[in-house]
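The values are calculated or read from the model by the stated rules, or taken from the named source; none is laboratory data. Being a predicted model, the structure only gives us computed values, none of them experimental. Because the Cβ atoms are built from the backbone with ideal geometry, glycine has one as well, and the counts that use them run over all protein chains shown. Ligands, DNA and RNA are excluded from the accessible area calculation, which covers all protein heavy atoms including side chains. Shrake-Rupley method; radii C 1.70, N 1.55, O 1.52, S 1.80 Å.
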Amino acid sequence: PEGLPDGLEEGLQEGFSSELPDALPVAVALRYPPRVTSDLGFGALLPLLRARRVADVDRAVDLWAEPVNVVQAADTKGGLLHRVAGRVPVRSAANRVRLVPAWEPGHDWQGWHGTPRGGLTDGVAAMANQRGLAAPLGVEFAPPHRADRITALLGEKEHWTAADMPAIHMDTQLASAAPLLDLLATVEDLTPEGARIRRTLLNWDRHMDASSAPAAVYAAVRAEVVRRIAAHPAFAALSAPPAYPEVLLPWLALLPRVGFALEHLLRAEELYGIDRAEVVRAAVEEVAARPTGAGRGTWGDTHRLAPWRALPDPSYDAPGLSGDHDCVLCTSAVPGLTDLSARGPAARYVWDLADREASLWVVPLGASGIPGSPHHRDQLPLWLAGDLAPVATDFTKLQKESDV
């Protein structure tokens, strides 16, 4: 599950006393299952490669250590597997949410969690990093929007083929926009341009398409709402970086945390006295006062693919993207900070169990990580369009291109 449940995220704990003042330097020691057991889980790899049925996969992932993941598998005999794989220690609730003084009683590990298992609900098993069956093991998961949307789309017809899957992969509905738009519906006394933005957003279909002008307006208003909430005096104590090791600071920065928690902050029963409707009104007027107002182009103008690169590449022209963090097409920006997306679907695979030769796949850039290779970026146009390439499993049809 997203957020490293109980294996790493909640293992960043030993060696820190919460009573230490922030002014003092802090050292954090990491204790997590592979270090405790001296087992990386690599014993699962060969059995997985040799697996022919879901029962084989099930036995193999019993040997898995981390990262803790939800596994789904099916076979040609009708077998289905839906379970968590990985080792998760049993520990106190405090260990799950903050760094703790591990030397004190109550913070030690008390054995290992059992393996949660699931099945089909109305014939469908969908997993998109939401809580699901892994809920007992962690604290940080993706909202249910993606999984709910996938389930709803699958329910629209009875039979699906491998070639139909891009319709699901590329879905851009943004359910998490609802709290902001619900508040916007209550806002009155707007300037004419602010009122035009309000009408635009309340009539918007809530799809984050690269070609959508309303999606760009929504993103601009959302970013301003995030910045205004983060700047509120109620959060002043969180605005200065804590005296924790530098490696942890990106996860603790106030603005991104507000951006990713915005849906919950706007829906909370009370938010430290913050008038959220007024925040939304002010954000709309801020966007309205800009030279472009509500006509600021399309979402794809600013929401562009910006993958991390070790070296500058002047030949790379970042393409515009559809999708957003809570869409099935999960191309994550950081609301309030940047519309650029460094995260997206790392690969799309569609396995046709009835006809393996009909299986399809695509990766964001290409199958080669070597600049200059013809396969360094040759899949990017397919990935952007939602198209897929055939999976070649017949070795007689494969051709060796290089010894590298």
- Task: For the stretch 331-398, just say rounded, prolate or oblate: build the C-alpha gyration tensor, square-root its eigenvalues into a ≥ b ≥ c, call rounded for a/c under 1.5, and beyond that prolate if a/b exceeds b/c, oblate if not.
- Result: oblate
- Query: Just how far, in whole angstrom, is the stretch 212-237 from the stretch 27-89 if you go by their alpha carbon centroids?
  - Reply: 40
- Note on the structure: Per residue, accessible area of the stretch 115-224 with a 1.4 Å probe, heavy atoms of protein chains only, in Å², comes to 47
- Whole-Å semi-axes of the stretch 266-404's equivalent ellipsoid (Cα gyration tensor): 41, 20, 13
- Assuming R0 = 22 Å, can you tell me the calculated FRET efficiency for the pair Thr161 and Thr338, based on Cβ-Cβ distance, to the nearest 0.05? 0.05
- Query: What value, in deg cm²/dmol to 500, does the helix sum -39500 (n - 2.57) over DSSP H runs of n ≥ 4 give at 222 nm once divided by the residues of the chain?
  - Reply: -7500 deg cm²/dmol
- So the FRET efficiency between Asp182 and Val139, C-beta based with R0 = 25 Å and rounded to 0.05, is 0.40
- Query: Under the Karplus relation 6.51 cos²θ - 1.76 cosθ + 1.60, θ = phi - 60°, what is the ordered set of whole-Hz ³J(HN,Hα) values for the stretch 168-183, x standing for Gly and Pro?
  - Reply: 8, 3, 9, 5, 10, 4, 10, 5, 6, 6, 4, x, 5, 5, 5, 5
- Which order do peptides 135-144, 208-217 fall in by mean Cβ count within 10 Å, highest first? 208-217, 135-144
- Sorted by chain and number, the residues with a modelled amide H under 5 Å from that of Arg343, at a separation of 5 or more or across chains, are Ser332
- Message: Using a Förster radius of 60 Å, what is the FRET efficiency between Lys397 and Ala277 based on their Cβ-Cβ separation? Nearest 0.05, please.
- Response: 0.45
- Length gained, Asp75-Leu46, 0.36 nm per residue minus C-alpha separation, equals 8.6 nm
- Give, in nm to one decimal, the length gained when the segment between Val36 and Trp251 is fully stretched (0.36 nm per residue of separation minus the Cα-Cα distance). 74.9 nm
- Query: Beyond 12 Å, what percent of the Cα pairs of the stretch 319-366 remain?
  - Reply: 68
- Task: State, to one decimal in nm, how far the label point of Ser315 lies from the label point of Ala94, with both points 7 Å from Cα in the Cβ direction.
- Result: 5.6
- Roll a 1.4 angstrom probe over the protein heavy atoms and tell me the percent of accessible area of the stretch 289-404 that is carbon or sulfur. 59
- Message: Using only the alpha carbons of the stretch 191-262, what is the convex hull's orientation-averaged projected area in square nanometres?
- Response: 6.6
- Cα gyration tensor shape of the stretch 147-228, rounded if a/c is under 1.5, else prolate or oblate by comparing a/b with b/c: prolate
- Carbon + sulfur, % of accessible area of the stretch 61-155 - ligands and nucleic acids excluded, 1.4 Å: 52
- Taking a probe of 1.4 Å, how large is the accessible area per residue of the stretch 277-404, in Å²? 56
- Item | Value in Å of the Kirkwood radius, where the chain supplies the Cα pairs that are averaged | 24.0
- Pair Asp108, Leu120: separation of 7 Å Cα→Cβ label points (nm): 4.7
- Each label sits 7 Å from Cα toward the beta-carbon; between Arg53 and Ala231 the label points are separated, in nm, by 6.4
- Query: How about Lys397: which aspartates and glutamates have a C-alpha closer than 20 Å to its C-alpha, ignoring those fewer than 8 places off in the same chain?
  - Reply: Asp352, Asp355, Glu357, Asp378
- Item | Cβ crowding within 10 Å averaged over residues, with 146-157, 308-319, 231-242 ranked highest first | 146-157, 231-242, 308-319
